[in-house]
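The numbers here are math on the coordinates, done by the rules we state, and not lab data. All figures in this text were calculated on a predicted structure; none of them were measured in a lab. Positions of Cβ are generated from backbone atoms using ideal geometry, with glycine treated the same way; all protein chains shown enter the neighbour counts.
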Amino acid sequence: MKYLFVLSAFLLLGSVAWTTRSGNTPPGVVQQAWADSVKKDPETGLAADTDLPLIKAHCTACHSSKLITQNHFTRTGWVDKIRWMQKYHKLWDLGPSEVAVLNYLEKYYGPARQTFDGRRKPLEKPGWYKL
Amino acid sequence: MRENDRRRFIKQSVLGTLGTILSTEAVFAIPEGYTPLFFDNDRDALKGKSTEMVVLNDRPWNVEAPAHLLDDTVTPAEKMFIRNNGIVPETIDVKGWTLTINGESAMTKKVYTLEDLKKKFKAHTYQLTLECGGNGRAGYFPSTSGNQWTNGGVSCAEWTGVRLRDILEDAGIKEDAVYIGYYGKDIHPSREPGKVVISRGVPIKKALEEETLIAWAMNGKDIPVVHGYPLRLVIGGWPASVSGKWLHTISIRNKIHDGPKMTGKSYKVPINPVEPGVDPPEDQFRIIESMPVKSLITYPQTGAMLALGKPLQVRGHAWAGDLQVKQLEVSIDFGATWQKADLKAPKNRLAWQHWTAELTFPKLGYYEVWARATDSKGVSQPMVMPQWNPEGYINNSCHRIAVKVV
């Protein structure tokens with residue numbers, strides 16, 4: 001009985017800790033179906049977040065927010081886009097803001113994790129061999 | 001052989017206790033032809049099977065062949081898929097084995113020993129395509145429950161036996177006969193004695209076809225235990241679940257057979273097409289009869305890398321249920337263009353057909369070779385997922401392999 005109590009208290013604490021953490025999603029974990037639960041900024045259509053002003057300053061100051069909303073890149077993929085814009089489109093050095101911008105992009109515009117709903121999945125990668 | 005080991009052990013035990021021979025004999029003596037209890041046919045299911053076979057389930061056994069393993073024109077036992085619904089019979093008494101013909105629409109009840117079957121009736125040999133109704137299930141989205149067969153739940157071996165028609169006519173078929181249903185000796189997974197595992201069948205018209213066999217041999221040898229030794233019903237072109245293994249009874253029915261796995265949604269698809277994910281009520285399903293047109297690329301194995309300018313010989317098989325395949329095409333550009341393959345006639349009706357094609361690749365890079373068969377009624381394999389169905393049956397979408405030109 002005492003054991004059960006201790007166990008449930010532990011589980012309760014654990015779930016509180018998890019809830020607290022989930023506000024700050026660890027890298028690589030993409031929030032599923034956020035579109036239904038996350039509010040959108042009426043001006044840009046981007047996900048509302050405390051870091052949204054950073055996105056407006058560094059990204060949509062120059063280009064449409066649709067360049068963000070229509071894409072789902074990995075963190076590395078978003079870094080590549082930033083480097084490409086820095087190389088060809090005079091994007092400035094984001095400095096210490098880059099981490100926050102990438103966190104935002106990865107959190108809301110990471111690879112889509114919805115289940116496949118097409119008519120045929122791509123072929124799985126084979127074990128390549130010399131014929 | 002474990003059986004021999006057991007016998008040797010028993011003999012040694014008997015010799016070792018000569019002093020008390022009388023009582024020992026009474027304990028250990030084994031009647032002739034009796035198989036010890038721990039002789040485990042089910043555990044031995046993979047004995048002799050290729051190590052490349054893929055186990056989807058081991059209780060009951062569901063084992064498939066990767067496509068490249070099915071390259072032989074006649075499928076050998078070691079590359080034949082296993083789809084069991086129950087446990088392989090523990091004891092198989094060949095001498096005492098009988099086939100009973102009964103049912104409401106049988107004029108007389110008949111019982112035949114294996115010897116009777118071999119002596120009284122003419123033997124026939126046919127190469128017959130047996131494909132699991134659920135072959136290709138892994139390709140359905142949303143995914144459906146059941147063993148996730150990819151492409152390898154198909155075989156085409158040579159079966160020898162007597163025509164079911166000859167036996168049914170010997171017993172006499174009443175005018176009101178509608179269906180036949182088989183019964184086999186496999187053991188229910190619950191191990192409840194006498195509980196029927198699977199008992200399916202076909203309409204009387206299909207049962208009376210020339211190629212429908214009561215077989216005792218596969219590829220010129222006794223049928224392997226896991227594939228139905230010593231007697232199996234073999235009905236080509238329909239879901240392989242109608243080809244009952246360890247066969248002991250066939251009932252001539254005056255209605256659609258109602259054994260386990262004939263009812264509910266087993267081996268059935270919705271009468272009217274449904275949106276993927278929609279599962280209509282039972283009364284809106286129909287029994288799967290002939291399997292749809294399909295093909296496999298069995299050479300090369302997917303993942304082949306070859307040098308630019310080197311032509312690639314590809315080959316495989318094609319089949320079309322009750323029909324014949326009239327055309328086989330291959331594509332290396334995702335169906336934008338198709339090239340006709342050389343397609344052979346089947347060895348006999350309901351046998352798969354072999355095809356070959358020579359491909360040349362225009363430049364370096366990643367390609368997929370897709371094969372598409374068309375049946376004698378002009379119906380082709382879809383490139384995408386076919387009509388989705390809740391149980392995930394009859395997925396006959398085109399097979400494809402990856403090739404790199406380096």
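Of note:
- Rounded to the nearest 20, the size of the Cβ-charge dipole of chain B about its Cα centre is 420 debye, with Lys and Arg at +1 and Asp and Glu at -1.
- Long-range Cα-Cα pairs in chain B (distance over 33 Å), rounded percent: 38
- Quotient of Cα Rg and 2.2 N^0.38 Å for the stretch B:54-287, N being how many residues it contains: 1.00
- Each part reduced to its alpha carbon centroid, the stretch B:259-323 and the stretch A:51-115 end up 44 Å apart.
- Each distinct pair of alpha carbons in the stretch B:294-405 adds a 1/r term; the inverse of their mean, the Kirkwood radius, is 14.5 Å.
- Given B:LYS47/B:LYS265; A:LYS40/A:LYS66; B:LYS47/B:LYS221; B:LYS174/B:LYS245, the pairs whose alpha carbons are separated by over 23 Å: B:LYS47/B:LYS265; B:LYS174/B:LYS245
- Charging the Cβ of each Asp and Glu at -1 and of each Lys and Arg at +1, and nothing else, the dipole of the protein assembly as shown about its Cα centre rounds to 640 debye.
- Taking amide H atoms as placed 1.01 Å from N in the peptide plane, the amide H of A:VAL38 has no partner under 5 Å among residues 5 or more positions away or on other chains.
- Here the stretch B:294-405 is treated with +1 on each Lys and Arg Cβ and -1 on each Asp and Glu Cβ, and its dipole about the Cα centre works out to around 260 debye.
- Neighbouring Cβ atoms from other chains, within 10 Å of the Cβ of residues in A:119-130, number 6 on average.
- Vicinal HN-Hα couplings computed from phi for the stretch B:396-402 (Karplus, 6.51 cos²θ - 1.76 cosθ + 1.60; Hz; Gly/Pro x): 10, 4, 3, 7, 8, 10, 8
- Spin-label model, B:LYS122 to A:GLN86: label points 7 Å out along the Cα-to-beta-carbon direction sit 8.5 nm apart.
- Estimated Rh, the stretch A:28-109: Kirkwood, alpha-carbon pairs, angstrom: 13.0
- As a rough guide to protection, the peptides B:281-289, B:231-239 ranked by mean Cβ packing within 10 Å, highest first, stand as B:231-239, B:281-289.
- Average beta carbon contacts from partner chains per residue of B:397-406, 10 Å cutoff: 2
- Lysine pairs in the stretch B:294-405 with Cα atoms under 23 Å, if 8 or more residues apart or on separate chains: 18
- Dividing the radius of gyration of the alpha carbons in the protein assembly as shown by their Kirkwood radius gives 1.10 for Rg/Rh.
- Note on the protein assembly as shown: dipole from Cβ charges, positive end direction compared against B:SER290, B:LEU164, B:LEU128; the farthest Cα belongs to B:LEU128.
- Sum of -39500 (n - 2.57) over DSSP H runs of 4+, divided by residues of chain B (222 nm, nearest 500): -3000 deg cm²/dmol
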